[in-house]
Amino acid sequence: MKRNLFFLILCFLFCTLFAQAQEEQKNSLQQRAESELNDGKYINARSLYIRAYEDYFNKGKYKEGVECGAKATSLYYRENLYQEAFDLLRRIDQNIETQKQNLGCPADALHYLTTKERMQMYMKMRRSASVMDQLNIMERQVNIADDESLRNDLLYNKAIYYYTFGQNAQGNAVFKEMADKLTASKEYDKVDEVYQTLIANGRKSGNANMVAQSYSSYIVWKDSVNALKVAEEIDSLKQHIAANETAIAEKDSSLAARQVMIVGLSILAIALAAVLVFGGLVLIRYMHLTRKQKKTISLANENNALKAKFISNISAQLAPTLQKLDASIPEVKALRDFSEHIQTLSALESSEEEVELEDTQISQFCESIAGQVRDEVPAGVSLEVNAPKMSAKINKEYVSHILLHLLQNAIEYTPEGGKVALDFKKRSAHKVQFLVTDTGCGIPEEEQENVFKAFLEIKDLSKGDGLGLPICKQMALKMNGDLEIDPAYTKGARFVLSLNV
């Protein structure tokens, strides 16, 4: 009996190891294909991409399968094997329709990828009418899939079509539509990336007309965005100064402490205005002197560094004067805290040093953090810690600062009978999360995206300067992580600190 049981266990282990080996082999097909492609072995790469496409479909990973099939197709028509390329695309479309009920996404989103390959083949063959037919099909597929990323990709391919066949006016109009959409949502980096890609594709294909048109449009767009950014900063600063003046006018000028606060804030506001105006003038002048992208970016980066350093210096110069004032006066204490926060935020934004990590026992660390705020917890409010006994590499200084600030906020806004919790979750081999949850009034959805932005609105400094969460956000980014609000949690507020370890 024991021998039979031992034999069954061996068989089970053998089957498990064999299945794992098969799985690893299948997952490596795409990697091998990419390696062969990088080495210029196109026939081998094409064969491996086809095998990867079939393997992904067998596993139910249809999007990855279609992408590998499209890669194989491009390697066919790269060598002018158009018939083989069309046959492969036809087979992929048939498989998509066969698995239509299991896709997990609109079938038209996957058909779009195969139609795009047909369009590119016709482009290579210089068959303008056929290319336009495929673009019309792609447009119908995008409308059905209702995918914004595909819609932007369609605009991009339309622009390439128009530029390739010498229709520059239509190309400019289509590309302007795409750039305007992304610029309106302030996704400047995406627009910049699309322009760079278009210019690179034009150079790669030897299409001088596309390169010239793209570069000209790119320079015009870059100038307008830089001017827009400067205008937004100046407008924000004007609102900041106007709000400060209103707040100062309402204060009692007879108190010396309040006079110091007024003078300090006025100097800081004027200094900020001077820096921004100076930066705007320098940037505009530089844009007129040169149109080269690298120099423009270099000047903007240098200007931002000077601005951060200047703000930090102003705050540092105010600090000795503020230290001489009576800290028992709420306004003086608020101004001291504001000065310190300004210096901290400027230092974080301008620093390029890497944050050091150290191995930390998570359970003990979380209990220590909670212990520092337990005396602040009012009667009727519970504070819980849920952290496993494990270790992780973190920066204890930054994480402690963030968690203490979040817990103190949570305790302040949690009513009697409520609960505050500090949790730790290991999401993957290289990602962990600290979660601070409360059952308070929560944060309105329309305000959630603004709580991490500094200087968004002017507040009474004696009630807080609004820089606590922006500082925590910068610390999270310095640790190659992020700090966000969980929008799915509606029983109060939940802040999530995600770290890559």
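The values are calculated or read from the model by the stated rules, or taken from the named source; none is laboratory data. In this text, all values refer to a predicted model and were calculated from it rather than measured experimentally. Here the Cβ is made from the backbone with ideal geometry for all residues, glycine too, and neighbour counts use every protein chain on show. Keep in mind that these areas ignore ligands, DNA and RNA; they rest on the heavy atoms of the full protein, side chains included. Shrake-Rupley method; radii C 1.70, N 1.55, O 1.52, S 1.80 Å.
Under Stokes-Einstein, with the Kirkwood radius over Cα pairs standing in for Rh, what whole-number D in µm²/s applies to the stretch 349-484 at 20 °C and 1.002 mPa s?
For these conditions, the coefficient is 133 µm²/s.
What accessible area per residue comes out for the stretch 352-428, rounded to a whole number of Å², with a 1.4 Å probe?
Each residue of the stretch 352-428 exposes 60 Å² on average to a 1.4 Å probe.
Taking 7 Å along the Cα-to-C-beta vector as the label spot, tell me the L81-R127 distance in nanometres, rounded to one decimal.
Result: 1.9 nm between the two label points.
How big is the accessible area of D146 in square angstrom, nearest 10, if you roll a 1.4 angstrom probe over the protein chains?
For D146, solvent-accessible area is about 110 Å².
Taking the Cα-to-Cβ direction at T490 and at E445 and moving 7 Å from each Cα, how far apart do the two end points lie in nm?
Between T490 and E445, the simple spin-label model gives 0.8 nm.
As an exercise, use a Förster radius of 60 Å and the Cβ-Cβ distance of F455 and T98 to find the FRET efficiency, rounded to the nearest 0.05.
0.60
Where the only charges are on Cβ atoms (+1 Lys, Arg; -1 Asp, Glu), what is the dipole of the stretch 354-444 about its Cα centre, to the nearest 20 debye?
460
Take the alpha carbon gyration tensor of the stretch 113-270, find the square roots of its eigenvalues, order them as a ≥ b ≥ c, and report rounded if a/c is under 1.5; if not, report prolate when a/b exceeds b/c, else oblate.
The shape class here is prolate.
Can you tell me the FRET efficiency between N207 and R140 if r is taken as the Cβ-Cβ distance and R0 is 25 Å, rounded to the nearest 0.05?
Approximately 0.35, to the nearest 0.05.
In nanometres, what is the gap between the two model label sites at R90 and K181, each 7 Å from Cα along Cα-to-Cβ?
Label-label distance for R90 and K181, simple model: 3.3 nm.
What full-extension length gain, to one decimal in nm, is calculated for Q167 and C105 as 0.36 nm per residue of separation minus the Cα-Cα distance?
Here the answer is 18.8 nm.
List the trypsin sites (Lys or Arg not before Pro) in the stretch 73-154 that DSSP assigns to loop (not H, G, I, E or B) and whose Cβ has at most 16 other Cβ atoms within 10 Å. Which are they?
Hits after loop and neighbour filter: R126, R127.
Between D375 and I284, what FRET efficiency comes out of the Förster formula 1/(1 + (r/R0)^6) with R0 = 41 Å and r the beta carbon distance, rounded to 0.05?
It comes out at approximately 0.15.
Assign unit charges at the C-beta atoms only (+1 for Lys and Arg, -1 for Asp and Glu), then state the dipole size of the stretch 97-233 relative to its Cα centre in Debye, rounded to the nearest 20.
Once rounded to the nearest 20, the dipole reads 640 debye.
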